[in-house]
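Take a look at the structure below.
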Amino acid sequence: MLRSNRILHEGVIGIDIDNVLSDSDSEIRKIIDEEYGIKSTKQQITHWNYSESLPITIAQERKVLHLFHTKYCIFAPPIPFATEALIKLSNSYSIWLITCRPIQANSLTKQWLEKHNIIYDHLLYNCNKSEYKEILDFLIEDNGETAIDFAVKGTPVILFDQPWNTAYFHNNIFRVNSWRQALQIIETTESKDALQCQLSGGGSF
Ligand SMILES: [Mg+2]
């Protein structure tokens, strides 16, 4: 749900939607099966594009994604514990959902967020996420390229481990398999920062 009462937050956290909040991959592969009779498992999706991982053309992939964005994304199940994690994070952070979905997906995306009680402050449709590099304290993603882009500039990235992002590593990239792990990483990083701040005399003590 869109949060209306603005409070002063400690920081800003950027969160991707597909395969971070929503298990979009399972729904997209279901569409590929229904449209083209190709059954697949998530382990087969070792590239960012489905047309590189499965025997479908770029045009067929485009059609599948169009169907997903305009019809089926509402049916994707949420990633376990995502709703609860965002409620917890929203106490300390402004939540910016940043997605590469096309704007045509806006209505269904908002309905899906409402349906699963996902709390957020902003919903942004922008594939060029690096525009928010200066603003975000953390980014939570599954896209390896985007993760590297933020990590090299010093922004910590929590990367949901997926078969399509196994090749991306950096000291500022923290791989997780669940939202519980993601929260742990954020808490650890926060306490490390607080300690550093105290040691350098920058604390309020
Ligand atoms: Mg994603």
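For first residues located in the stretch 121-134 and in the same structural domain as residue 109 (by TED's automatic domain parsing) and more than 15 Å from residue 106 (Cα to Cα), partners that are part of a loop (DSSP other than H, G, I, E, B) and among the hydroxyl-bearing types (Ser, Thr, Tyr) and lie 6+ apart or on another chain with Cβ distances below 7 Å form the pairs 133/155.
Please work out which residue is farthest from residue 19 (Cα to Cα), limiting yourself to the stretch 88-131 and to residues that are of a type in the set (Lys, Arg) and in a helix (DSSP H, G or I).
Of everything passing the filter in the stretch 88-131, 88 is farthest from residue 19 (Cα to Cα).
Restricting the stretch 132-145 to residues that are in a loop (DSSP other than H, G, I, E, B) and either crowded, with 20+ Cβ neighbours inside 10 Å or of a type in the set (Val, Ile, Thr) (or both), the residue that is nearest to the chain's Cα centre (by Cα) is 142. Can you pull out the residues in the stretch 86-97 that are more than 9 Å from residue 121 (Cα to Cα), surrounded by fewer than 22 Cβ atoms within 10 Å (Cβ to Cβ) and not hydroxyl-bearing (Ser, Thr, Tyr)? Selection gives 87, 88, 91. Residue 88 falls short on exactly one of the conditions (1) of a type in the set (Lys, Arg); (2) in contact (Cβ under 8 Å) with a residue 60 or more places away in the chain; (3) within 16 Å of the ligand (Cβ to nearest atom), and that condition is (3). Here 186, 173 are screened, and the one residue that is under 16 Å from residue 20 (Cβ atoms), away from the ligand (no atom under 13 Å from the Cβ) and at pLDDT below 95 is 186.
Among the residues of the stretch 122-131, what is the count of those that are more than 15 Å from the chain's Cα centre (by Cα) and over 26 Å from residue 166 (Cα atoms)? Number of matching residues: 0. Taking the stretch 68-79 as the range and being of a type in the set (A, V, I, L, M) and closer than 11 Å to residue 105 by Cβ as the test, only 74 passes.
When we screen 17, 45, 28 for residues that are within 13 Å of the ligand (Cβ to nearest atom), assigned by TED's automatic domain parsing to the domain that holds residue 110, among the hydrophobic types (A, V, I, L, M, F, W, C) and modelled with pLDDT of 95 or more, the only hit is 17.
Please indicate, with yes or no, whether at least one residue in the stretch 37-57 is assigned to a helix (DSSP H, G or I), of a type outside the set (D, E, K, R) and either within 15 Å of the chain's Cα centre (by Cα) or more than 22 Å from residue 166 (Cα to Cα) (or both). No, that holds for no residue. Number of residues in the stretch 138-163 that are touching a residue at least 40 places away in the same chain (Cβ under 8 Å) and aliphatic (A, V, I, L, M) equals 2.
The values are calculated or read from the model by the stated rules, or taken from the named source; none is laboratory data. Every value quoted in this text rests on a predicted model; they were computed, and no experiment measured them. FYI the Cβ positions are ideal-geometry reconstructions off the backbone, even for glycines, and counts take in every protein chain you see.
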